[in-house]
Amino acid sequence: MRVALVHDWLVTMRGAENVLSVLAELYPDADLFTLVHKKGALSPELEARNIRTSFLQRMPFGVSGYRRYLPLMPAAIESFDLRNYDLVISSSYCVAKGVITDPQSVHLSYVHTPMRYVWEQQHEYFGAGRAGFFTRLIARLATSRLRAWDEGSARRVDRYFANSHHVARRVKKRYGAVAEVLHPPVDAARFAIDPRGPGDYFLMVNGMAPYKRIDLGVEAFGRLGKKLVVIGGGMDEKRVRARAAAHVEFLGYVPSAALPNLYARARALIFPGEEDFGIVPLEAMASGRPVIAFGRGGALETVTAETGVFFQEQTVDGLCAAVTEFEAREREFQPEAIRRHALTFDRPGFKARLGAAIAAAYAELSRD
């Protein structure tokens, strides 16, 4: 059986790429297709694969500025020649699910989210103050066409999987399809409880995309006067740093080997955005640390009353109140119990569930 894996772009290792790495383990001989690939940004296992890129790889600033080519991404993903593959598995949060496959092949798509740039989060990415005038103009002109393409290309998929019930509802709304939910994995073996207990800081770990609301955490801790450590970077970094108080520390991107200790010594993880799923809270919980999260999206499927605190209004006041509630309950949270909960999302279990789901879907669909 010839297998092709398709992923939107490969420029970093985050939650979606961890799912892709499990797919690569399940199908070690599969070819890997992606719009652009930043060499050296992936795990050694993925870097060693036969990675095939689109014409965007050769465009000016195609790798570093790939998002500016959003209007060209449908044409780029359709340019891949996927004839003669028996099974195509797309890992999609933008356009990967829109690949054109052979009529005889089976196309399964693991959806991290429908194309967020043109649906729920269009204004977060392309609203006033978020992008320059010409970028906003191009986005406005392209949005209707991209939405039509996203809905139309949904019919190219034979079976959908979703990373959360939250995303499964979006798949139903946007594509009219039912998606089986398979929660992504946390590599719990990388993380451990620190016997010394927590240090004196709260922690945020995330790319600084607008919808992740890193700005909300920075402003709240500026008001609270408590120490906050922020890990990550991205398009909102300059704006967020400019509004930060002196006791908010930015570490930028840190090596993955340094993350476990930073998690394990945090008083709690601050998770202020509405995520499709969110691996970061599970990494914190695998380290025995509780989570203070906005009570919408994927966090509702991972954080419980025994492992964290929710705030319902995505405001500075709402987050400040949640931090105050956490401090009143801080001694109630038990690191061992929190880690046990995270282990229910561990990588080996996910790999077994995903492999079984793909095998069952292929067996069913290939008989049609």
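Rundown of residues vs (1) of a type in the set (S, T, N, Q); (2) over 16 Å from ALA4 (Cα atoms), yes/no style:
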residue: THR53; (1), (2): yes, no
residue: ARG58; (1), (2): no, yes
residue: GLY65; (1), (2): no, yes
residue: LEU72; (1), (2): no, yes
residue: ILE77; (1), (2): no, no
residue: VAL88; (1), (2): no, no
residue: SER92; (1), (2): yes, no
residue: LEU108; (1), (2): no, no
residue: HIS112; (1), (2): no, yes
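Residue by residue, here is whether (1) among the hydroxyl-bearing types (Ser, Thr, Tyr); (2) free of Cβ contacts under 8 Å to residues at least 40 places away in the same chain; (3) in contact with a helix residue (DSSP H, G or I) (Cβ under 7 Å, 6 or more places away or on another chain) holds:
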{"residue": "LYS173", "(1), (2), (3)": "no, yes, no"}
{"residue": "GLU180", "(1), (2), (3)": "no, no, yes"}
{"residue": "ILE193", "(1), (2), (3)": "no, no, yes"}
{"residue": "LEU203", "(1), (2), (3)": "no, no, yes"}
{"residue": "GLY207", "(1), (2), (3)": "no, no, no"}
{"residue": "PRO210", "(1), (2), (3)": "no, no, yes"}
{"residue": "ALA220", "(1), (2), (3)": "no, no, yes"}
{"residue": "GLU237", "(1), (2), (3)": "no, yes, no"}
{"residue": "ALA242", "(1), (2), (3)": "no, yes, no"}
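Of ARG329, ARG347, all but one fail to be out of contact with any Lys or Arg (no Cβ under 9 Å at 6 or more places or on another chain) and closer than 14 Å to PRO185 by Cβ; the exception is ARG347.
Mind listing whichever residues of the stretch 152-171 are touching a residue at least 24 places away in the same chain (Cβ under 8 Å), closer than 22 Å to GLY297 by Cβ and either touching a helix residue (DSSP H, G or I) at 6+ places or on another chain (Cβ under 6 Å) or not in a strand (DSSP E or B) (or both)?
The answer is ALA154, TYR160, ALA162, ASN163, SER164, HIS165, HIS166, VAL167, ARG170, VAL171.
Under the condition of being part of a loop (DSSP other than H, G, I, E, B) and of a type in the set (Phe, Trp, Tyr), the residues counted in the stretch 189-226 number 2.
Consider only pairs whose beta carbons are under 8 Å apart and that are at least six residues apart or on different chains; among these, list those whose first residue lies in the stretch 63-85 and is touching a residue at least 12 places away in the same chain (Cβ under 8 Å) and within 19 Å of ALA142 (Cα to Cα) and whose second residue is surrounded by fewer than 16 Cβ atoms within 10 Å (Cβ to Cβ) and polar (S, T, N, Q). Between residues of the stretch 63-85 that are touching a residue at least 12 places away in the same chain (Cβ under 8 Å) and within 19 Å of ALA142 (Cα to Cα) and residues that are surrounded by fewer than 16 Cβ atoms within 10 Å (Cβ to Cβ) and polar (S, T, N, Q), the close pairs are ARG68/THR135. Taken together, the residues in the stretch 301-343 that are without any contact (Cβ under 8 Å) to a residue 40 or more places away in the chain, in a loop (DSSP other than H, G, I, E, B) and closer than 20 Å to ASP215 by Cβ amount to 2. Exactly one residue out of SER92, SER21 is of a type in the set (S, T, N, Q), touching a strand residue (DSSP E or B) at 6+ places or on another chain (Cβ under 6 Å) and under 22 Å from ALA209 (Cβ atoms), and it is SER92.
Please work out if PHE345 is aromatic (Phe, Trp, Tyr) and within 20 Å of the chain's Cα centre (by Cα).
On the way: aromatic (Phe, Trp, Tyr): yes; within 20 Å of the chain's Cα centre (by Cα): yes.
Yes, satisfied.
Looking across the stretch 160-217 at every residue that is polar (S, T, N, Q) and in the same structural domain as HIS112 (by TED's automatic domain parsing), the one that is nearest to the chain's Cα centre (by Cα) is identified as ASN163. Check whether at least one residue in the stretch 279-297 is part of a loop (DSSP other than H, G, I, E, B), more than 21 Å from the chain's Cα centre (by Cα) and without any contact (Cβ under 8 Å) to a residue 40 or more places away in the chain, and report yes or no. No, every residue in the stretch 279-297 fails to be part of a loop (DSSP other than H, G, I, E, B), more than 21 Å from the chain's Cα centre (by Cα) and without any contact (Cβ under 8 Å) to a residue 40 or more places away in the chain. Might you let me know whether the stretch 290-302 holds any residue that is farther than 21 Å from PRO260 by Cα and β-branched (Val, Ile, Thr)? No: zero hits. Here ALA189 does not qualify as out of contact with any Gly (no Cβ under 8 Å at 6 or more places or on another chain), buried (at least 22 other Cβ atoms within 10 Å of the Cβ) and of a type in the set (A, V, I, L, M).
Would you please name the residue that is nearest to TYR66 (Cα to Cα), looking only at residues in the stretch 227-246 that are hydrophobic (A, V, I, L, M, F, W, C) and assigned to a helix (DSSP H, G or I)?
Selected residue: VAL240.
The values are calculated or read from the model by the stated rules, or taken from the named source; none is laboratory data. Owing to the predicted nature of the structure, the values given are computational and were not obtained by experimental measurement. Because the Cβ atoms are built from the backbone with ideal geometry, glycine has one as well, and the counts that use them run over all protein chains shown.
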